[in-house]
Each structure stands twice: as C-alpha cells, then as structure tokens.
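The next block holds one structure in the form of structure tokens; read it before the comments.
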Amino acid sequence: MIKKQSFRLMLVALSLSVSSCAVFQPETKSSESTKNGESEEKKDGDLKPYAKVITKDAKSDKGLFTVHEVDNKYFYEIPDSLFNREMLTVTRIAKTASGIGFGGGKQNTQVHRWQKKGNKVLLRVVSYDIYAADTLPVHEAVVNSNFEPIVQSFDIKTVGKDSISKSTVIEVTDLYTKDVQALGLPDRTRKEYKVSRLDESRSYIDTIRSYPENIEIRHVKTYNAGEPPSNESLGSISLEFSNSMILLPKVPMERRYFDERVGWFTTEQTDYGLEAQKSETIEYLDRWRLEVKDEDMEKFKNGELVEPKEQIVYYIDRATPKQWVPFIKQGIEDWQVAFEEAGFKNAIIAKDAPTKEEDPDWSPEDVRYSVVRYLASPIPNANGPHVSDPRSGEILESDINWYHNVMTLLRNWFFVQTAAINEDAQSVAFKDEVMGRLIRFVSSHEVGHTLGLPHNMGSSVAYPVEKLRDPEFTKEFGTAPSIMDYARFNYIAQPEDGDVALMPEIGVYDKYAIKWGYKPIPGKTAKEEKSVLDEWILEHAGDAKYRFGRQQGNVIDPSSQTEDLGDDAMLASEYGIKNLKRIVPKLIEWTAEDGKDYEDLDDLYGQVLSQYNRYMGHVAANIGGVYEEYKTYDQEGAVYTHVDAEKQKRAMEFLNDELFETPEWMINQEIFNKIEFDGNIERIRSMQQRSLNNILDFGRMARLMENEEINGDEAYSLMDMMTDLRRGIWSEVYNGRTIDRYRRNLQRAYVERMEFLMTEEQDEIPARWRSWITRSNVNVSQSDIRPIVRGELNTLQRQLRNSVNSGDQLTRYHKQDLLKRIDLILNPVK
C-alpha cells in the first residue's frame with residue numbers, strides 16, 4: 001500500500017514538473033495561437049511579406065533608419081547592424097503655448113539602445129551615471145546595479161527585402177502618439193500645471209525625417225491640465241515636441257577631466273573602478289573633437305599652427321535677415337584667435353546655409369550641421385545649447401537660437417549704459433552698423449557657450465574701475481578679460497574720457513580657457529595629462545584676469561556678479577549713476593518722433609530705473625559678502641574670505657546716501673505727465689523696499705554673524721550693519737526734520753521687514769532651483785537675529801517717543817502710527 005501511494009505521488013510530482021517547464025512541453029500550438037496562425041516565436045518565414053507591410057503607397061525616407069509612412073502609421077526599418085548601438089535622444093519643446101518655456105527648451109536627454117529579442121524589438125534606456133571599466137571585477141556589480149529599463153516593446157512586423165544588409169521593420173506610431181513621458185512633458189512641468197492625462201484625440205505625429213546620423217521627430221501632444229498657464233477655458237495645454245535620435249560614435253572621444261578653477265560645461269559620472277576607497281564622481285569637459293592630422297603632428301609639436309582633422313562649422317540659417325549675416329559670422333570666427341592658443345588655425349568657421357537649389361536635402365535639423373537658427377519670436381534673448389556624448393563629453397552638434405527681439409534687448413542695454421557718452425546710442429533706432437556690432441558681440445558670447453564655456457561672472461572684477469575710463473587700456477584689453485561675463489557695455493566711462501572701448505572682446509581668459517580645454521597633449525592619457533593641465537593653471541594663479549567666478553543664484557561673492565564692471569562696486573556705481581542723471585533729462589529729446597506715442601519714452605525710462613537697481617544690487621552684495629576663489633592643496637591661501645569691514649561699511653553708506661535718501665533726480669514730472677497718470681511714489685517705494693529686504697536677508701545676517709565670530713573686532717558685524725542702517729533710514733528722528741512721503745513709505749517698509757524677521761523662518765529653496773541657488777542657511781529662532789532685531793526696535797521706539805511731537809502734522813501721525821506698530825511687534829496680542 002505504501003509503495004503504491006509513493007508511486008502515485010512521484011507521478012503527480014513528475015507531471016507538475018513537466019507542465020511548469022517549457023523545455024519539456026510538447027511542440028503543439030495552443031488553441032489561441034492556432035486561431036491567430038502564430039507561434040510563440042515567429043521566424044522570418046512566419047512574418048508578413050514585406051510588401052504587405054510596406055505597401056507601394058508608402059512614403060519612405062532613407063537615413064539612419066528608413067522611415068516609412070503607410071496610411072498615417074509610421075514604421076522604422078532598422079538595419080540589424082544598428083541593434084545594440086547607443087543613440088542619444090534629446091527631447092525639446094519645438095513650439096510652445098504662452099507661459100510654458102520657449103521654443104528650443106531642452107526637456108530630457110537619454111541614451112537609448114534598440115535591442116532585438118526573439119520576435120520583439122525593445123527600446124531600452126542606457127545609463128552612464130555609474131561606471132567601472134569592463135576589465136575590473138567591480139564592473140559586473142555595476143552592470144547588475146544598472147539594469148537598462150525598457151521604454152517600449154514592439155512587435156516585429158516584417159524583415160527587409162535585402163538578404164545581405166538585413167533589416168527589421170517595426171511600427172512606432174504609438175511611441176510618439178501615446179504618453180511616453182521620456183519623450184514628452186517632464187514630471188516637474190506636469191505637477192506645475194496639474195496635468196492629469198494625455199488627450200490622444202488631440203495628439204499626433206507631424207513629421208519623422210531620417211538623416212544619415214540622426215532621426216528627427218516632431219509630434220504634437222495635448223494634455224488635460226488643471227492649471228494651464230494660458231487659454232484657461234480649454235483646460236489643456238498643447239505643445240509641439242522635437243525628439244532628436246542621434247547615433248553615437250562607435251569609439252568615444254578621449255575625455256579631458258574637469259577642474260573647477262577653469263569654468264566649463266561638463267558631464268559627470270560615478271566611477272566605482274577608481275583606487276579610492278569610495279565611489280567618486282568624476283566630471284569631464286563637454287568639448288568638440290579637435291584632433292591634429294597625423295601628417296601635421298610634428299609641426300604641431302614644434303609649435304606651428306595646424307588645421308584640425310575636422311573644423312567646427314556653423315551655418316547661418318537661410319531665414320536670417322541679410323544685413324545681420326556678416327556680423328553673426330564675425331562673432332563666430334572671432335574665436336579663431338582663442339583656438340590659435342590651442343595650436344589650431346581655422347578651427348572654427350562660419351558658412352552660409354546652402355540654398356534649396358544648391359542642396360535640396362540640406363536641413364538645419366540634420367545633426368551633421370550646427371546652425372545659427374533665426375526665430376521669429378518676441379523673446380528678447382539668444383541661447384547656445386549643445387548636444388554631447390555622455391560617455392566622453394564630445395559635443396556632437398549645437399544650434400544657436402537667435403530670437404528676433406534680441407535686438408530690442410541690445411538697444412535697451414546699449415542705450416542705458418552708454419548714451420551719456422555715445423552719440424550712436426542716443427536714439428531708439430540704431431544704424432545698421434551699430435546694431436550689427438552689437439549682434440556680433442552677442443554672437444561671440446553665445447558661440448562661447450557652444451564651445452563648452454559657461455558664464456564667467458568673476459571676470460570683470462579684474463580691471464580697476466579707473467582703468468575703464470582709459471581709452472588706451474580699454475582699446476587693448478576691452479572692458480573685461482572674458483566675453484563670457486555679463487559685462488555688457490562700459491557704463492563707467494564719463495563724457496570727458498574720450499574714445500574708450502564700450503564692450504568686451506574675446507579676452508585673455510577666453511584664450512586661456514580654450515587652450516586649457518582644447519590643446520592636445522600628445523602621448524598622454526586623460527589621467528596622465530592632468531598634471532600638465534594643472535601646470536597651465538598654476539602659471540596664472542593669483543592673476544585676476546585668469547580667474548573663473550561662477551554664476552550665483554543668490555549673490556554671496558560680490559566679485560562674481562552679473563552686469564557689473566570693475567573692482568569696486570561703489571565707485572563703479574557712482575560713475576554709472578552720474579551717467580543716468582545725464583540721460584534722464586534727455587529722454588524726451590532722444591525718443592521724440594512726430595506722430596509717435598510715448599511708448600519708447602516709457603520703456604527707456606524703465607530701463608534707467610532697472611539699471612539703477614542693478615547698481616544697488618552690486619553694492620548690497622558686499623554687505624555680508626564672502627569672496628570665493630577656487631584653489632587646490634598646492635596653492636596657498638583661503639578659498640573663502642569675508643569682504644573687509646571698510647568695504648562693507650562703505651557699501652552701507654552708499655545705499656543710505658544714494659537709495660534711502662530719496663533719489664530726487666529720478667522724479668521728472670515732464671516725463672511722468674506723458675507716460676502715466678500715477679505711479680511714481682509707488683515705484684520709488686517698491687525700489688527701496690526691494691533693496692531693504694535684500695539687505696535684511698536671513699542668509700546675509702548669518703554671514704555677518706559668522707564673520708564677527710571668526711574675525712572679532714576686525715569684522716563688520718551684524719550690530720554694526722543694523723546700527724548704520726537705522727541711522728540712515730531714520731535720520732529725521734535724530735535731527736527733528738519733517739519726514740516727507742517717500743521717506744515715510746520707506747520707514748514703514750523698514751518696520752514691516754523687522755516684523756518679518758521677528759516672526760518668519762527662512763524659506764526653503766524649491767527643489768527645481770537647488771542646483772544653482774546659493775544661500776547661507778540659518779535657524780532663525782535659535783540665532784542672535786531676533787534678539788538684535790528686538791534691540792533695534794526697542795531703540796527705535798525710544799527715539800520715536802522722544803521726537804513724537806516734532807515735525808508737521810503728517811509727520812506726527814506717522815510717528816504715532818509707527819509706535820503702535822512697533823508695540824504690536826514687541827508685544828503681540830495673544
């Protein structure tokens with residue numbers, strides 16, 4: 001009996017084992033498979049004939065893949081040789097609804113791999129965020145921790161007709177019409193506009209074009225949205241996306257490792273294969289592949305200039321107005337002098353895009369061409385994005401987006417910064433040669449970005465302020481050592497200074513940076529050349545002309561600011577304000593034109609105030625400022641140094657004298673009665689409050705306290721700053737003068753800000769800004785901030801009580817009101 005039961009159990013176990021293992025299953029088709037006439041794994045002979053899928057009515061476009069359109073369905077015919085090759089997919093907004101970014105804005109970048117798996121083709125995401133050389137044991141662990149996600153799976157529809165060059169056909173319509181987030185709207189934007197879902201009925205493929213090294217897809221997506229930024233009645237947003245799928249080189253370019261002492265756009269990676277006893281993030285430069293021809297290597301080693309194997313070529317969009325083309329080209333080729341420092345001649349050139357007759361197949365979307373794209377857009381800007389290989393940092397292609405209204409921006413800058421000394425800027429419409437020179441300047445700046453250079457906001461501080469009034473100096477050196485700074489135009493020069501230069505050129509720093517990033521170092525690996533690159537940096541250590549200063553979200557380092565000039569913000573701003581005072585009385589004359597309204601007068605008066613506000617920001621940054629100068633262990637001195645007390649005190653005095661004392665020169669009734677029925681009082685109040693809040697910032701106060709803790713009596717302390725500010729804003733309380741309306745508004749703003757400091761905490765930085773916002777953090781309630789603020793309010797309260805009966809009636813009412821406000825802050829009602 002026991003034997004029979006055991007035998008039966010063995011049979012049951014065997015049957016279960018066989019039914020769960022495909023190897024032992026009989027080769028019979030399931031009833032469902034038989035119905036569909038398909039086996040689980042199709043062989044070529046089981047697929048539909050090519051002509052049944054790609055019919056004679058198909059519209060076909062040969063390139064990287066052959067793209068077929070059949071009855072509004074799209075098919076990729078993928079050469080089998082391209083399976084498992086890495087391809088970079090860049091998603092951009094091509095056309096946008098009002099309020100959602102701008103055309104050309106990058107949304108996502110991913111490396112993709114097309115993989116053939118049985119009767120399917122998989123589109124996988126390849127990550128290079130973590131890495132270890134494949135010769136190391138740890139490489140296997142990295143691979144296991146870096147499994148490639150599948151974006152989408154495609155049924156193989158048929159195979160190509162050519163039996164030698166084999167290819168596989170799949171339908172990709174759903175990839176671009178369904179909601180594939182990697183190819184559409186990113187998560188952060190969905191959250192911002194409360195996007196619920198994609199409306200497929202209002203989404204479609206516009207075009208798919210294939211080129212030898214890339215495929216360009218344009219598709220329109222409509223999303224239902226709870227809070228669309230425009231056209232709210234629709235409850236949705238529609239955008240046109242551009243997906244560029246670019247074949248990456250089989251052999252990546254040799255990397256060059258980043259050093260923060262030289263500014264550069266970079267790609268980064270966590271390397272688990274280094275000898276360090278931890279994983280380390282390495283950064284390498286985004287740069288073009290500039291190589292010496294084999295036959296020219298000896299010349300190069302001997303110091304002769306040589307042409308690279310492949311030049312960097314920029315084509316000028318056919319849509320560009322003809323009068324601006326020469327200037328844009330000059331801006332591009334201005335960089336030749338920098339590449340000569342790297343050992344190359346004619347390394348970068350500009351060409352006209354071929355006409356349709358010359359080359360009907362030429363397209364600015366072809367990745368083989370970098371193009372200055374001229375866009376009919378009201379955006380007053382230009383930008384220079386690039387696409388780089390994440391494995392090596394090699395820049396593969398770059399398009400400079402040139403928006404038509406950048407000319408308005410240039411007009412405004414040039415007018416407000418130079419019209420006091422420059423007849424060419426004393427009108428609302430410049431001559432073509434003047435505007436052309438400004439366009440050349442912006443072209444050079446944007447090309448610098450496409451070469452890998454970020455903004456160098458620490459450049460302009462290298463020149464003493466008085467040198468920028470010197471014609472001989474400025475003609476030789478320009479207005480800053482780098483065109484990559486936001487050192488626009490020479491607002492410091494005075495009418496008596498003569499023929500000074502008004503803008504920067506490709507400067508000392510730019511040439512140095514291009515040499516450091518591009519000059520080949522023959523016979524050395526990326527790691528071995530690091531010592532040579534370090535030597536090049538140390539040759540110029542301590543020379544401000546070669547310094548890189550990063551762009552800051554909140555300014556902590558006052559020597560690395562946007563829109564500033566010279567080494568002393570107070571002196572530079574003093575000269576700048578003198579020029580603004582010269583401009584205001586001339587505004588009506590310089591904007592006048594019969595039959596025209598006062599729109600330009602309103603605009604340019606606003607530009608004067610904006611420029612003035614920049615000066616106030618430049619000065620305020622010195623209070624609680626900390627200089628940042630990158631160094632390594634083989635360099636002496638501190639990286640971070642507090643601004644000296646004398647300079648901080650001068651900055652506070654400047655703000656009291658130039659801003660908090662009402663700037664009467666701005667108040668021009670002849671201008672106001674032409675542009676507004678009211679608003680001047682509110683304009684000045686708002687301007688003063690903005691700077692006041694900037695000074696009374698939690699982070700700035702934290703740095704002042706830290707400076708005092710480190711440097712003691714030699715520091716400009718928080719108490720020093722608060723005392724100087726109070727005495728400046730409340731001077732009438734000490735001298736018994738009547739307080740006018742502008743000052744009353746300022747004093748109320750002061751009390752309100754003090755209430756804020758007593759009751760609020762430091763705001764959190766939104767997640768999307770954390771990568772570039774710089775800030776000093778402080779726990780306000782546990783710091784000395786509130787005791788000091790309370791002490792200042794007590795002092796002010798006593799002084800107001802002592803003078804409450806002085807001044808005219810409005811002044812007395814004002815003081816009585818302030819006493820009540822202060823009492824409520826110090827003794828809040830519970």
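Around the amide H of LEU375, modelled in the peptide plane, lie the amide H atoms of TRP402, TYR403, HIS404, all under 5 Å away and 5 or more residues distant in sequence or on another chain. The spacing between segment 368-411 and segment 518-552, judged by their C-alpha centroids, is 27 Å. Determine the gain in length on full extension of the stretch ILE710-ASP740; use 0.36 nm per residue of separation and subtract their C-alpha separation, reporting nm with one decimal. Contour length minus the Cα-Cα distance gives 6.7 nm.
What separates the Cα centres of segment 190-206 and segment 80-98 is a distance of 19 Å. For the chain, the dipole from Cβ point charges (+1 on Lys and Arg, -1 on Asp and Glu) about the Cα centre works out to 3180 debye, to the nearest 20. Put the Cα centre of segment 585-642 next to the Cα centre of segment 739-807 and the gap is 24 Å.
Relative contact order (percent) for the chain, with alpha-carbon contacts under 8 angstrom and 6 or more residues of separation? Here the relative contact order equals 8 percent. For VAL151, nonlocal amide neighbours, meaning residues 5 or more places apart or on other chains whose placed amide H falls under 5 Å from its own, are LEU123, ARG124, VAL125.
Proximity of backbone amide H atoms, modeled 1.01 Å from N, is registered between SER388 and LEU396 at under 5 Å, excluding neighbours fewer than 5 places apart on the same chain. Here segment 379-457 is treated with +1 on each Lys and Arg Cβ and -1 on each Asp and Glu Cβ, and its dipole about the Cα centre works out to around 200 debye.
For the chain, the equivalent ellipsoid derived from the alpha-carbon gyration tensor has semi-axes of 58, 35, 30 Å in decreasing order. Taking K and R as +1 and D and E as -1, what net charge do the other residues with C-beta under 13 Å from the C-beta of ASN805 add up to? Result for the neighbourhood of ASN805: +2. If I fit a long axis through the Cα atoms of helix 785-803 and take the longest principal axis of the Cα atoms of the chain, what angle between them do I get, 0 to 90°, rounded to 10? Helix 785-803 sits roughly 30 degrees off the main axis of the chain. Each Lys and Arg contributes +1 and each Asp and Glu -1, all at the Cβ; summed about the Cα centre of segment 44-247, the dipole is approximately 220 debye.
When Rg and Dmax are taken over the Cα atoms of segment 596-830, they come to 20.0, 67 Å. 3J(HN,Hα) along segment 60-69, derived from phi through the Karplus expression 6.51 cos²θ - 1.76 cosθ + 1.60 where θ = phi - 60°, amounts to 10, 10, 7, x, 3, 10, 7, 9, 10, 10 Hz, with x in place of Gly and Pro.
Whole-Hz Karplus values for segment 213-230 come out as 10, 7, 10, 10, 10, 10, 9, 9, 10, 10, 10, 6, 9, x, 9, x, x, 8 Hz, taken residue by residue from phi with 6.51 cos²θ - 1.76 cosθ + 1.60 and θ = phi - 60°; glycine and proline positions read x.
Of all lysines in the structure, those lying under 29 Å Cα to Cα from LYS530, and not within fewer than 8 positions of it along the same chain, are LYS250, LYS278, LYS293, LYS299, LYS301, LYS309, LYS345, LYS511, LYS515, LYS519, LYS545, LYS631.
Calculated from DSSP H runs of 4 or more alone, at -39500 (n - 2.57) each and per residue, what is the 222 nm mean residue ellipticity of the chain, nearest 500? Taken over the chain, the calculation gives -10500 deg cm²/dmol.
Would you mind checking the tilt of helix 599-620 against the longest principal axis of the Cα atoms of the chain, expressed as 0 to 90 degrees and rounded to 10? It is inclined by approximately 80 degrees.
Considering only SER370, THR320, GLN336, whose Cα is most displaced toward the positive end of the charge dipole of segment 316-435, charges sitting on Cβ of Lys, Arg (+1) and Asp, Glu (-1)? Farthest along the dipole direction, towards plus: THR320.
With angles folded into 0 to 90 degrees, how steeply does helix 508-518 sit against the dominant principal axis of the chain? Use alpha carbons for both and round to 10. Between the helix axis and the principal axis of the chain, the angle is about 20 degrees.
Each value in this text was obtained by applying a stated rule to the coordinates, not by laboratory testing. If you're wondering where the values come from, they're calculated on a predicted model, not measured in any experiment. Note that we place each Cβ from the backbone using ideal geometry, even for glycine, and neighbour counts take in every protein chain shown.
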